[in-house]
Amino acid sequence: MEKIEMLYEGKAKKIYSTEDTDKVIVEYKDDATAFNGEKKGQISEKGKLNAKISTIFFELLEQKGIPTHLVEQLNETDVLTKKLDIILVEVVMRNIAAGSIAKRLGLEEGTELKKPVLEFYYKSDELGDPMINEYHIYAEELASKAELDTIKDLAFKINEILVEFLADKGIDLVDFKLEFGKGTDGKVYLGDEISPDTCRFWDSKTKKKLDKDRFRRDLGEVEGAYQEILKRLEGSNS
Ligand code: 5GP
């Protein structure tokens, strides 16, 4: 499958049309941004690493019965996916307090949450992705009740699958962001990516950060952290 025309360029990916109107090619870039685009940089090899890492997660989720946009990885940076009409609601799942929840609730980073927490954010660069609740979603008709019920159910299932898979690799899944969209068949699919750009991964023993927080917080060894995640995912164990 060949790229025909660039449909969209995001912060970390480019999307191309293909000869199949139901499918697009996602090209992962090395560009990195944080704080709603205020901090910009490049992470060497990130495109290749995230394309591979995300494909591994999406294959796992497909095997476990989660409907995703993945068709196949085409080459080091390019992945063929179903074309989705992205629902403008970002879903964040949290298992351990870090980032914005630690700040909002005054929790020490690393505090285990007694139950997984699901949060919604309005996907809007202009507004800086504000947190919203279900009533905002219905008022703005961002998704229907049936779609949102499906999204919530999938998000908790995905969390369970990933927590278990990663625990076996010596990685704590602190939190992560998901995006969903509607396929040309009208069904809800998991879209976007699952990678160190969109998740917080901590080494289970040392609690070392193995994700984009190394870039956000200038902690160094950014590429090494992404490589470490891929190595552990590809290995049989940690
Ligand atoms: P927080 O709300 O603590 O900043 O982020 C929670 C989790 O969601 C983190 O794993 C973070 O990487 C992810 N996340 C939330 N919003 C975004 C976003 O707009 N882009 C990316 N790449 N990740 C996000």
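The values are calculated or read from the model by the stated rules, or taken from the named source; none is laboratory data. Predicted model only: the values in this text are computed from it and were never measured. Heads up, the Cβs are rebuilt from the backbone with ideal geometry, glycines too, and the neighbour counts pull from every protein chain shown.
The figures follow:
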{"read-out": "The stretch 200-229 residues that are of a type in the set (S, T, N, Q), paired with ones that are within 16 Å of the ligand (Cβ to nearest atom) and not in a loop (DSSP other than H, G, I, E, B) (beta carbon under 7 Å, 6 or more apart)", "value": "SER204/ILE171; SER204/ASP172; GLN227/LEU49"}
{"read-out": "Hey, ASP149 without any contact (Cβ under 8 Å) to a residue 60 or more places away in the chain and under 20 Å from VAL174 (Cα atoms) or not", "value": "no"}
{"read-out": "Check on SER100, under 23 Å from ASP172 (Cα atoms) and among the polar types (S, T, N, Q)", "value": "yes"}
{"read-out": "Close pairs from the stretch 92-117: first over 19 Å from ILE194 (Cα atoms), partner in a strand (DSSP E or B) and of a type in the set (S, T, N, Q), Cβ under 8 Å, at least 6 apart", "value": "GLU112/ASN95; LEU113/ASN95"}
{"read-out": "Qualifying positions in the stretch 197-221 - outside any loop (DSSP other than H, G, I, E, B), of a type outside the set (Phe, Trp, Tyr) and either within 16 Å of LEU49 (Cα to Cα) or near the ligand (Cβ under 10 Å from one of its atoms) (or both)", "value": "CYS199, ARG200, ASP213, ARG214, ARG216"}
{"read-out": "Which numbered condition LYS40 fails, given (1) surrounded by 14 or more Cβ atoms within 10 Å (Cβ to Cβ); (2) within 16 Å of the ligand (Cβ to nearest atom)", "value": "(1)"}
{"read-out": "Filter result for ALA167 (hydrophobic (A, V, I, L, M, F, W, C) and either crowded, with 19+ Cβ neighbours inside 10 Å or closer than 30 Å to LYS83 by Cα (or both))", "value": "no"}
{"read-out": "Filtered residue count, the stretch 12-28, keeping only those that are touching a residue at least 40 places away in the same chain (Cβ under 8 Å) and assigned to a loop (DSSP other than H, G, I, E, B)", "value": "4"}
{"read-out": "Among (1) within 13 Å of the ligand (Cβ to nearest atom); (2) more than 17 Å from GLN42 (Cβ to Cβ); (3) hydrophobic (A, V, I, L, M, F, W, C); (4) out of contact with any Phe, Trp or Tyr (no Cβ under 6 Å at 6 or more places or on another chain), the one test that LEU233 misses", "value": "(1)"}
{"read-out": "Qualifying residues in the stretch 180-238 (those that are within 15 Å of GLY170 (Cβ to Cβ) and small (Gly, Ala, Ser)) - the one surrounded by the fewest Cβ atoms within 10 Å (Cβ to Cβ)", "value": "SER236"}
{"read-out": "Residue within the stretch 8-24 that is at pLDDT 95 or above, small (Gly, Ala, Ser), away from the ligand (no atom under 13 Å from the Cβ) and over 19 Å from LYS83 (Cβ atoms) present", "value": "no"}
